[in-house]
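Please read the structure below before turning to the comments.
The values are calculated or read from the model by the stated rules, or taken from the named source; none is laboratory data. None of the values given here were measured: they were computed from a predicted structure. We place every Cβ from the backbone using ideal geometry, glycine too, and count neighbours over all the protein chains shown. Remember, those area values only see protein heavy atoms, side chains included, never the ligands or the DNA or RNA. Shrake-Rupley method; radii C 1.70, N 1.55, O 1.52, S 1.80 Å.
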Amino acid sequence: MAPTPNAMSVLDRVRREVERNALRARNGIRMAAGSTRPPVGQSPKEIMWRAGRTELWRYRSDHVRMSPPLLIVYSLFNRSYILDLRPGNSFVEHLLDAGFDVYLLDWGIPDERDATNRLEDYVDDYLPAVLERVRRVSESGLVNLLGYCFGGVLSLLYAAHHLDAPLRSLTTLTTPADFQRLGPLGDILGAIDIDTVLHVDGNVPPEVILQGFRSLRPTAEITQYVDLWERLWSDEYVAAYQAMTGWAAEQVPLPAGVARQLAQLVHENPMMTDRLVVGGDRVHLSAITVPFLHVLAKRDHIIPEASSAALIGLVGSPDKHELCLDAGHVGLLVGKTAARTTLPTIIDFLKERSEVLA
């Protein structure tokens, strides 16, 4: 007798599962051996400026169609290649394809020479020098500035303290404003005795930062392993998983001077009380008047929506916009939400405030 359609369907499912189990075994062995981690940060780039551990990168493009250039200011907490994770899943790649001249400020890996760094070192020294370099290289009078996470805080402080800054627009992503509504992260920053966790080099060591972030979602790794087993047969999923988890575990030291100021931001909440001081000067976010876009995520476990939602009301720009997405902290930049919503919105905002090159 010929097999019935139902029997054929069962046989197909069994055959498929046997094949997938073989692929799971192969990929599991490769992962255990550490031989399959995919390359990251592959978009070609050149170093245009360097100071200490900090570098300014310009991504190569033969199709720059938009002016002014775009400068991305990354966070101080981890590696910047999340913005250029893998070909086809790269924030930088999308911006290049849209015709922008893209620069990225990478803070590098701090060492003992950076232990006393304060916010002012980044806001009043590095950023002005970098913007001047970008203007000179691009032969442009203005720059579009985009800050991610704590890079958004640095960008805001720079714009508020340098009201004559050569900015065409300012975009911030997942950037806190109300530091007393940071949730678990704020509890950690507000309660920790910085001096008790410092490494001999004077910085907060990366393993302390990693454990702090892991404590925000204590069951996340278990869920990730379950998902990994379900999809371990897929080479594409495994590559994406390894790229993301590799980045998440690759924290960098945090200068003690900045760590102490972060604790102060949590205790005093100066953005919300309009008592923000940068370099000894009282500054006001309401004094920022350049076109402004803020993107925040509803499922952000690092910078909760409650902390970042206040920002749009604090910035004084008459031309200001907010985009709130059903995504996580990193999902805004990588994956389906980024490709479908975040990136098109940012690109449209920037294009409307840019000029097409002749």
Using the structure shown, decide if Ser169 is under 25 Å from Lys298 (Cβ atoms) and of a type in the set (Gly, Ala, Ser).
yes
In segment 328-358, the residues that are free of Cβ contacts under 8 Å to residues at least 24 places away in the same chain and not in a loop (DSSP other than H, G, I, E, B)
Lys336, Thr337, Arg340, Thr341, Pro344, Asp348, Glu352
Pull out all pairs, ordered by first then second residue, where Cβ-Cβ is under 9 Å, the residues are six or more apart or on different chains, the first lies in segment 316-327 and is in contact (Cβ under 8 Å) with a residue 60 or more places away in the chain and of a type in the set (Lys, Arg), and the second is loosely packed, with under 14 Cβ neighbours inside 10 Å and assigned to a loop (DSSP other than H, G, I, E, B).
none
Does Glu355 satisfy the condition of being over 25 Å from Ala249 (Cβ atoms), open to solvent by 40 Å² or more (accessible area, probe 1.4 Å) and touching a Ser or Thr at 6+ places or on another chain (Cβ under 7 Å)?
yes
Output for segment 92-113, where each listed residue is in a helix (DSSP H, G or I) and open to solvent by less than 10 Å² (accessible area, probe 1.4 Å):
Val92, Leu95
Close pairs (8 angstrom Cβ cut-off, 6 or more residues apart or separate chains): under 11 Å from Thr54 (Cα atoms) in segment 106-127, polar (S, T, N, Q) and part of a strand (DSSP E or B) anywhere:
Asp106/Thr54; Trp107/Thr54; Gly108/Thr54; Pro110/Asn203; Asp114/Asn203; Tyr126/Thr54
Residues that are basic (Lys, Arg) and assigned to a strand (DSSP E or B), drawn from segment 160-192:
Arg168
Selection from segment 311-327 of residues open to solvent by less than 30 Å² (accessible area, probe 1.4 Å), assigned to a loop (DSSP other than H, G, I, E, B) and out of contact with any helix residue (DSSP H, G or I) (no Cβ under 6 Å at 6 or more places or on another chain) yields Ser317
Give me the pairs, please: first residue somewhere in segment 183-204 and closer than 20 Å to Asn78 by Cα and free of Cβ contacts under 8 Å to residues at least 24 places away in the same chain, second residue anywhere and open to solvent by less than 80 Å² (accessible area, probe 1.4 Å) and in a helix (DSSP H, G or I), beta-carbon distance under 7 Å, and either six or more positions apart or on two chains.
Val197/Val208
Looking at segment 76-91, is at least one residue open to solvent by less than 20 Å² (accessible area, probe 1.4 Å), under 22 Å from Arg353 (Cβ atoms) and touching a Leu at 6+ places or on another chain (Cβ under 7 Å)?
yes
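Conditions tested, residue by residue: (1) aromatic (Phe, Trp, Tyr); (2) assigned to a helix (DSSP H, G or I); (3) at pLDDT 90 or above.
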residue: Trp233; (1), (2), (3): yes, no, no
residue: Glu236; (1), (2), (3): no, yes, no
residue: Ala239; (1), (2), (3): no, yes, no
residue: Ala248; (1), (2), (3): no, yes, no
residue: Arg260; (1), (2), (3): no, yes, yes
residue: His267; (1), (2), (3): no, yes, yes
residue: Met272; (1), (2), (3): no, yes, yes
residue: Arg282; (1), (2), (3): no, no, yes
residue: Ser286; (1), (2), (3): no, yes, yes
